[in-house]
Amino acid sequence: MVAALTSAERQSAAVILLVVALAGLAMAILGGTGPLGVHGVLVMLFAGALVAVVFAGFYAPEPTEDRPTRYYDDPIKVGIALTMAWAVFGLFMGLWVAAQLAWPSLAFDAAWSGFGRLRPTHTTGVIFGFGGNALIATSFHVVQRTARARLAGQVSPWFVLFGYNLFCLLAVSGYLMGVTQSKEYAEAEWYADIWLVVVWVTYFVLYLRTLARRREPHIYVANWYYLAFILVVAVLHVVNNIAIPVSLAHAKSYTVWAGVQDAMVQWWYGHNAVAFFLTAGFLGMLYYYLPIRAQRPIFSYRLSILSFWGITFFYMWAGSHHLHYTALPHWVQTLGMTFSVMLLVPSWASAGNALLTLNGAWHRVRDDATLRFITVAAVFYGLSTFEGSFMAIRPVNALSHYTDWTVGHVHAGALGWVALITFGSIYTLVPALWQRQRMYSAALVELHFWLALAGVLVYVFAMWNSGIVQGLMWRTYTEEGTLAYSFLDSLVAMYPYYIARAFGGLLFLLGALVGCYNIWMTVRAAPHAAGRAADAPQPGGAAAVAGE
Amino acid sequence: MSETGERDPVSGRRTTGHEWNGITELDTPVPRGVLMFLIVTHVFAVLWWVLMPAWPLGTSYTQGLLGIDQRATVERELVAATARRADWMARIETAGFDAIRADAALMDVVRSTGARLFGDNCAACHGVDGTGRANYPDLTDADWQWGGGPEAIAETMRVGVNAPHPESRIAQMPAFGRDGMLDRSAVRSVAAYVYALGNPGYSTADTIDTIEAGREVFLTTCAACHGEDGTGEPAIGAPNLTDDYWLYGGDLQSIVTSVHGGRQGHMPTWDERLTDAQIRLLALYVHDLGIAEP
């Protein structure tokens, strides 16, 4: 890690870390024994541990002159390790909260372990911890390979990676202490949010500068999606998190938005977090690792253009479909609904483009579990985008809203699409990155695939059933004109589905553990002798000049 | 672009001529089906915009040809739903309890509708079937702390027990031991006496002195509320101590605990959450629970 940095870079890394540690000290002093103080100590420990790493390698030999002729893969390797660690944590927390719904005594009567606090540790753990690290790691890989250029920074990739993980740690540990903005998927409080802005702007600049260095005349589609992800998430994060802290010494803040405007801003954020974090970024992944793994050209460049601009334009309008039949004016709901319907075709065009790319490679899908991960992910992407547009139609939403159907839909997307494409990409990336011929065990990839697929299917079918049963029970009337079921009746009816859902989650978690073991054994194996001589940036000036 | 690309042997299409780390793209035109489907979704959207409230116009918005608005729709549906229930609801609200109980058809409505109301409002404490649990009364038996007729039940629901309501039913069993009104031996002896009321077998040669001492304490301290014979007084919420139903436990140790620390049960008021008719209906339902169970 540190050996690849020049001594000047080592100094700047140490200075940055000391500044972060000082910020932690300030938080600790201001916050005292409150959550802000605890987080101050956490920031100091985090920065201190990294300072120790930097100092340990401070007087190591300088990197050789030929450093720019190699891709910068160290941050990607650490990013993959962090991705898998967050996957295990986030999936375990998901399993725990799922089990709490079936067996409430698993909350153990403590404040920190109640459903309300654990649930955001699950959502943040999987979306931001697992998904976010996977996006950062793969984006660093994809942008270098498709630009044939080394990352445009030596310290900044580490800053982005570790800074982002510090944000995730602050968020998750805060929830356990009861620190929350009570905004779904934006629960982290003001100081963590400000820190994420710093990290994210660095990420954006790093990405743009790397693209500007490219030795290819054109920017590949995957980079369009990664860039859309980075840019839009920055905008969403800033607007939704504008808040005024109670004081600089206190973790609590209040949002500047009020009433239905607050709800609209929150779900504009929430829906576009799904769109640009969980969709655009992972489409970037799909556009690189699918053709690499399938060894096929992308089916249609023109279809890529149509779906990219369709997705980026239509998604922006669709957030209000989360607020059907609420205080939000009817006309805003209409716009959200109709744009969601128009969004379907660009979404399906992406999924179709992916699946048609496999024409001529279906025998590989049959034989190669890694490519099957990616293929099934594209199928789930198509399924859940259809489902999303369908559920956005107001009369359908009247049945589905507030039920487990929503939960099932989210997990069809999050497990079936996001997690499967991530595992498929990681299984493609790990042997390439560590210069191994293949994963340690193809059989374990196969086992992971079937565990994951079975887990998703059990989960999603359980939630479809429970959601629709719930929705119907809540809206059934007797002849006398009163409700036919009490809420408790519907809870009793959910019980078997909640057990099934927890079981599906358990299968998915087991699959991820198998994956961790397989990756670990692959990394430990001896490097492949042949290496990858061709896997290097284009020397400067030899190819077309960037930006032309 | 196709003039620069190679031809892909599988699809027969040419690539766009670009290559990124081995990745190429075919120059396949957008399939006609995609364009058709795109048009269909757009036509659907435009039609919906024309028919429904859709686009903002400064301080107003396009109202849509159908003139539908969600707020008006809800109000209309609420009126219709109320009208649908109006017939039997009016009779629940105005007829006497005895008259309603004599009307078998109306009591069927009470039983089916009451079960939902009970499930949504009462079951969290009293259980889905109304049998209660520790510290929450069983509503299916014949033992009633505040009276078991429909009128008394409706009144308990309306004002609550030890609730902030100005007319709330108030019943506080003092903490005789903790607050120093009775010493330890008095607490023990009166508990023994009360225990023996419902368990005559407890009275033996060994315990008779304690029980007798407890009787003295009971008559001077407890009888004012629970009555000289210990059968209680529903008008003030003093429970019957001679039967085998115990809200806070009927073993000797639980009785000692109750005498020592007192008891202040709480039931919320329902007059703001439920309508008069709903309270009356629930009172009938709860009363009926007690009759249906032997």
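The values are calculated or read from the model by the stated rules, or taken from the named source; none is laboratory data. This structure is a prediction, so every number in the text was calculated from the model and none was measured. Virtual Cβ from ideal backbone geometry, glycine too; neighbours counted across all protein chains shown.
Conditions tested, residue by residue: (1) surrounded by 11 or more Cβ atoms within 10 Å (Cβ to Cβ); (2) modelled with pLDDT under 95; (3) in a helix (DSSP H, G or I).
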| residue | (1), (2), (3) |
| --- | --- |
| B:ARG71 | no, yes, yes |
| B:ARG76 | no, no, yes |
| B:THR113 | yes, yes, yes |
| B:ALA124 | yes, yes, yes |
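Does region A:178-199 contain any residue that is under 15 Å from the mean Cα position of the chain (by Cα), over 21 Å from A:HIS39 (Cβ atoms), among the hydroxyl-bearing types (Ser, Thr, Tyr) and at pLDDT 95 or above? Within region A:178-199, not a single residue is under 15 Å from the mean Cα position of the chain (by Cα), over 21 Å from A:HIS39 (Cβ atoms), among the hydroxyl-bearing types (Ser, Thr, Tyr) and at pLDDT 95 or above.
Look at B:ILE39 and say whether it is exposed (fewer than 14 other Cβ atoms within 10 Å of the Cβ) and within 12 Å of chain A (Cβ to nearest Cβ). For B:ILE39, the condition - exposed (fewer than 14 other Cβ atoms within 10 Å of the Cβ) and within 12 Å of chain A (Cβ to nearest Cβ) - is met.
Within region A:4-29, the set of residues being in contact with a Leu (Cβ under 6 Å, 6 or more places away or on another chain) and either at pLDDT below 95 or farther than 30 Å from A:THR69 by Cβ (or both) comprises just one member, A:MET27.
Taking the conditions exactly as written (in contact with a Ser or Thr (Cβ under 8 Å, 6 or more places away or on another chain), surrounded by 21 or more Cβ atoms within 10 Å (Cβ to Cβ), touching a residue at least 40 places away in the same chain (Cβ under 8 Å) and away from chain B (no Cβ under 14 Å)), does A:LEU206 satisfy them or not? For A:LEU206, the condition - in contact with a Ser or Thr (Cβ under 8 Å, 6 or more places away or on another chain), surrounded by 21 or more Cβ atoms within 10 Å (Cβ to Cβ), touching a residue at least 40 places away in the same chain (Cβ under 8 Å) and away from chain B (no Cβ under 14 Å) - is met.
Looking across region A:309-366, the residues that are outside any helix (DSSP H, G or I) and within 10 Å of chain B (Cβ to nearest Cβ) come down to A:HIS324, A:TYR325, A:THR326, A:ALA327, A:LEU328, A:PRO329, A:ASN359, A:GLY360, A:ALA361. Within this structure, B:ALA192 passes the test of being in a helix (DSSP H, G or I) and outside the structural domain of B:ASP138 (by TED's automatic domain parsing).
Scanning region B:180-211 for residues that are in contact (Cβ under 8 Å) with a residue 12 or more places away in the chain and among the charged types (D, E, K, R) returns a single hit, B:ARG188. The single residue among B:THR269, B:THR204, B:THR221, B:THR210 that is more than 25 Å from B:THR156 (Cβ to Cβ), in a loop (DSSP other than H, G, I, E, B) and of a type in the set (Ser, Thr, Tyr) turns out to be B:THR204.
What residue, of B:LEU197, B:LEU117, B:LEU182, is within 14 Å of another protein chain (Cβ to nearest Cβ), aliphatic (A, V, I, L, M) and surrounded by 19 or more Cβ atoms within 10 Å (Cβ to Cβ)? Just one listed residue meets the conditions, B:LEU117. Under 8 Å by Cβ, and 6 or more places apart or on different chains, what pairs join a residue from region B:63-75 that is more than 16 Å from A:VAL332 (Cα to Cα) with one that is surrounded by 11 or more Cβ atoms within 10 Å (Cβ to Cβ)? Listed pairs, sorted by first residue: B:LEU65/B:VAL50; B:LEU65/B:LEU51; B:LEU66/B:LEU51; B:LEU66/B:MET52.
So that you can scan it fast, the table gives a plain yes or no per residue for (1) surrounded by fewer than 19 Cβ atoms within 10 Å (Cβ to Cβ); (2) farther than 14 Å from B:GLY114 by Cα; (3) acidic (Asp, Glu):
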position	(1), (2), (3)
A:TYR485	no, no, no
A:VAL492	yes, yes, no
A:TYR495	yes, yes, no
A:ILE499	yes, yes, no
A:GLY504	no, yes, no
A:ALA512	no, yes, no
A:TYR517	yes, yes, no
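For B:GLY64, the requirement of being at the interface with chain A (Cβ under 10 Å from one of its Cβ atoms), in a helix (DSSP H, G or I) and crowded, with 19+ Cβ neighbours inside 10 Å is not met. Within this structure, B:VAL43 fails the test of being in a loop (DSSP other than H, G, I, E, B) and modelled with pLDDT of 95 or more. Screening the candidates A:GLY270, A:GLY259, A:GLY281 for the property of being more than 30 Å from A:LEU30 (Cβ to Cβ), among the small types (Gly, Ala, Ser) and either outside the structural domain of A:TYR325 (by TED's automatic domain parsing) or crowded, with 22+ Cβ neighbours inside 10 Å (or both) yields one hit, A:GLY281. Only a single item in (1) touching a Cys at 6+ places or on another chain (Cβ under 9 Å); (2) within 14 Å of chain A (Cβ to nearest Cβ) is not met by B:CYS122, and it is number (1).
Among the residues of region B:90-106, just one is within 12 Å of chain A (Cβ to nearest Cβ) and either within 14 Å of the chain's Cα centre (by Cα) or touching a residue at least 24 places away in the same chain (Cβ under 8 Å) (or both), namely B:ILE92. Does A:GLY455 qualify as being at positive phi and free of Cβ contacts under 8 Å to residues at least 60 places away in the same chain? Against the criterion (at positive phi and free of Cβ contacts under 8 Å to residues at least 60 places away in the same chain), A:GLY455 does not qualify.
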